[in-house]
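The values are calculated or read from the model by the stated rules, or taken from the named source; none is laboratory data. Keep in mind the model is a prediction, meaning the values are calculated, not measured. Every residue, glycine among them, receives a Cβ derived from its backbone with ideal geometry; neighbour counts consider all protein chains shown. The protein model used for the area step is the full one, side chains on, heavy atoms only, and it has no ligands, DNA or RNA in it. Shrake-Rupley method; radii C 1.70, N 1.55, O 1.52, S 1.80 Å.
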Amino acid sequence: TSGSPTLQGMTTAFGSHPNYDLAKPTGYRQFLTKLAKEHGYKTLFMRSASRFFADENLVFKKWGFDKIVAREDFYERPELRKYIYGWGLEDRILYDEVIAELDRRRDEKLFVAVLGTDMHPLHGQRWFKHLSYPPVPGDLERFKTARHFMKAVHHVDFDLARFADRLETAGLLGDDALLIILADHSCPPN
């Protein structure tokens, strides 16, 4: 997306408008979320981070999301706590939770937004205590200052491929589903 940081980037993604402050006075009328609701969809936002970051618990409701599932909800489940780090729930586990939620609500018309955090910090999530990944291909040292970010890209690529495969296997990615993958905002200049 062309906007930055998160709310500005997501304003571009959901509202096709690059300026968050100009979209506010309109009541977000033309946001994709609100249009989906007009067509009978329930709207759900699932995210790794806290729902209270940048008042997003309030903002996302104004954007038309019926329900927000966030770090606080995952922390209430003891089996998920070990996968929560500084920014939030690790993406792979978030995607597993999305699949479980979609499976439970299989017969509903849903518009679901998912926002992970494993690539978000300056260099992305660097250590995974309870998850393993295939070896990083090639020599990341050639990227110098961006090598940690490129490693995070490798991890996210793996997790997204796994997510898409699991959606397909569960029968959740048929002709009546659309999967769009984009960033919440552009990456840092490094």
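With the condition kept exactly as written, say whether any residue in region 41-55 is over 29 Å from residue 80 (Cβ atoms), surrounded by 14 or more Cβ atoms within 10 Å (Cβ to Cβ) and touching a Ser or Thr at 6+ places or on another chain (Cβ under 6 Å).
no
Determine which single condition residue 148 fails, assuming it passes every other condition in (1) more than 19 Å from the chain's Cα centre (by Cα); (2) closer than 24 Å to residue 185 by Cβ; (3) in contact (Cβ under 8 Å) with a residue 12 or more places away in the chain; (4) loosely packed, with under 14 Cβ neighbours inside 10 Å.
All conditions pass for residue 148, except number (4).
Considering every residue within region 173-182, establish whether at least one is assigned to a helix (DSSP H, G or I) and open to solvent by 40 Å² or more (accessible area, probe 1.4 Å).
No, region 173-182 contains no residue that is assigned to a helix (DSSP H, G or I) and open to solvent by 40 Å² or more (accessible area, probe 1.4 Å).
For region 1-12, which residues satisfy the criterion of being at pLDDT below 80 and either buried (at least 18 other Cβ atoms within 10 Å of the Cβ) or within 19 Å of residue 61 (Cβ to Cβ) (or both)?
3
Of everything in region 13-32, what is more than 15 Å from the chain's Cα centre (by Cα) and crowded, with 21+ Cβ neighbours inside 10 Å? Give them in sequence order.
15, 23, 31
I'd like to know if region 123-131 contains one or more residues that are on the phi > 0 side of the Ramachandran plot and either of a type outside the set (S, T, N, Q) or part of a loop (DSSP other than H, G, I, E, B) (or both).
Scanning region 123-131, I find at least one residue that is on the phi > 0 side of the Ramachandran plot and either of a type outside the set (S, T, N, Q) or part of a loop (DSSP other than H, G, I, E, B) (or both), so the answer is yes.
Which condition does residue 116 not pass, out of (1) open to solvent by less than 50 Å² (accessible area, probe 1.4 Å); (2) at pLDDT 95 or above; (3) out of contact with any strand residue (DSSP E or B) (no Cβ under 6 Å at 6 or more places or on another chain), if it passes all the others?
Of (1) open to solvent by less than 50 Å² (accessible area, probe 1.4 Å); (2) at pLDDT 95 or above; (3) out of contact with any strand residue (DSSP E or B) (no Cβ under 6 Å at 6 or more places or on another chain), only one is false for residue 116: (2).
This table checks each residue for (1) assigned to a loop (DSSP other than H, G, I, E, B); (2) at pLDDT below 95; (3) crowded, with 16+ Cβ neighbours inside 10 Å.
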| site | (1), (2), (3) |
| --- | --- |
| 86 | yes, yes, no |
| 136 | yes, yes, no |
| 144 | no, yes, no |
| 152 | no, yes, yes |
| 164 | no, no, no |
| 171 | yes, no, no |
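Kindly evaluate residue 101 against the criterion of being open to solvent by less than 10 Å² (accessible area, probe 1.4 Å), touching a residue at least 12 places away in the same chain (Cβ under 8 Å) and on the phi < 0 side of the Ramachandran plot.
So residue 101 fails the test.
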